[in-house]
Amino acid sequence: VFDIARLAEEKKFTLYRRGVVEVAEVPEDFPLTDSQRLQVDVERTGTPKIDVGAIAGFLDELVYPLYFIDFESFQPAVPLYEGTRPYQQIPFQFSLHVADSPDSLRHEEFLAEPGTDPRLPFLEALLALIGTRGSVLVYNRSFEETRLTDLSEGYPQFEAQVAALQGRIFDLMRPFRDHSYYSAAMRGSYSIKRVLPALVPELSYAALRIQDGTQASIAFERLGGEADRRAIRRIRRELREYCRMDT
C-alpha cells in the first residue's frame, strides 16, 4: 500500500496498521481519489483499463509524418553564454524519431560540442530536420515547449518557425495521464520510465549507463573538462543511447 500513488502517509499507515499490506487488499469503502481507486481496482482484477475510443480519438488527431522529439539540457549556475541567466536550462541535445508512414521509422539526432554555446546549432539542426508539416510528439510537453520559447526569445529571427512548430506539438503523455490506458505495471504513475516497461518490456533504461535527465546533464558538463579521447567518445555514445531511448 506504500506504492499507492500520491496517497497521504497517514492513510498508508492507517491501512498498514489494519493489516492491509497489498494494494489489492484495500477495502472498497476506503477513501481514495479516482486515480488511486483505479490503481487498486486494476491491481485487484489484473485487467488493464483500456479506453479504446479515447485512444482512437487521440490517434485520429495526428497527421503523418510523425516527429517524436526529446530534449536534454543543463543548468550552469554561473551563466556561460551571452544573454543567458543563472540556472537557465540550456538545451544541448535532441533525439528525433521520424515516422513518415505507419510502417517506417528513422532516427536523427544532435549532440553539441562542449565549450561552445549550443543553442543556435541546436535550433538550426532541429528546424532543418523537423519540416513544416506533420505532428510533433513529446512526452510531457511543457519541458520541450518552454525550451523552444527560450530559444525563440534568444534568436528572434526564428520566432515564426518556432511558433509554427509549437502549434504542431501533441503530448504523448495525454492518454496515460487521462487514464485512457492503465496497467498494474505502471504502479500509479504515467511517467515514461513506468509506461515504457509496462508497454514495451523489451526496451529498458536499466542497461544504460545514463538513465535520466540529471545524469545526462552531469555527463555533458563533464565533457567540457575531459581530455581523454576515449572517455569523450564513451560519454557521447552514452548520451546518444539515453536520449534515443526516450524517443
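Overview of results
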| read-out | value |
| --- | --- |
| Expected 222 nm ellipticity per residue - DSSP helices of 4 or more, -39500 (n - 2.57), all of the chain, to 500 | -12500 deg cm²/dmol |
| 0 to 90° range, to nearest 10: angle between helix 141-154 axis and the chain longest Cα axis | 20 |
| Tyr16-Ile218 FRET efficiency (beta carbon distance; Förster radius 30 Å; 0.05 resolution) | 0.25 |
| Spin-label model distance (nm) - Asp100 vs Phe143, 7 Å beyond Cα toward Cβ | 3.0 |
| Accessible carbon and sulfur surface of the chain relative to its total accessible area, %, 1.4 Å | 51 |
| Model label zone, Ala8; criterion: amide N under 12 Å from point 7 Å along Cα-to-beta-carbon; scope the stretch 29-62 | 31-33 |
| Solvent-accessible area per residue, Å², over the stretch 1-91 with all protein chains present [probe radius 1.4 Å] | 60 |
| The chain: angle of helix 229-246 to the longest principal axis, Cα-based, in degrees nearest 10 | 50 |
| Compactness of the chain, expressed as Rg and Dmax over alpha-carbon positions, Å | 21.0, 63 |
| Cα-based helix-to-principal-axis angle, 119-130 vs the chain, degrees rounded to 10 | 70 |
| √(5λ) per eigenvalue of the Cα gyration tensor, the stretch 122-247, largest first, Å | 26, 25, 11 |
| Leu38 paired with Leu59, simple spin-label distance in nm, labels 7 Å along Cα-to-beta-carbon | 1.9 |
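The values are calculated or read from the model by the stated rules, or taken from the named source; none is laboratory data. Here the structure is a predicted model, which is why all the values come from computation and not from measurement. Using ideal geometry, Cβ is built from the backbone for each residue, glycine included, and neighbour counts are taken over all protein chains shown. The protein model used for the area step is the full one, side chains on, heavy atoms only, and it has no ligands, DNA or RNA in it. Shrake-Rupley method; radii C 1.70, N 1.55, O 1.52, S 1.80 Å.
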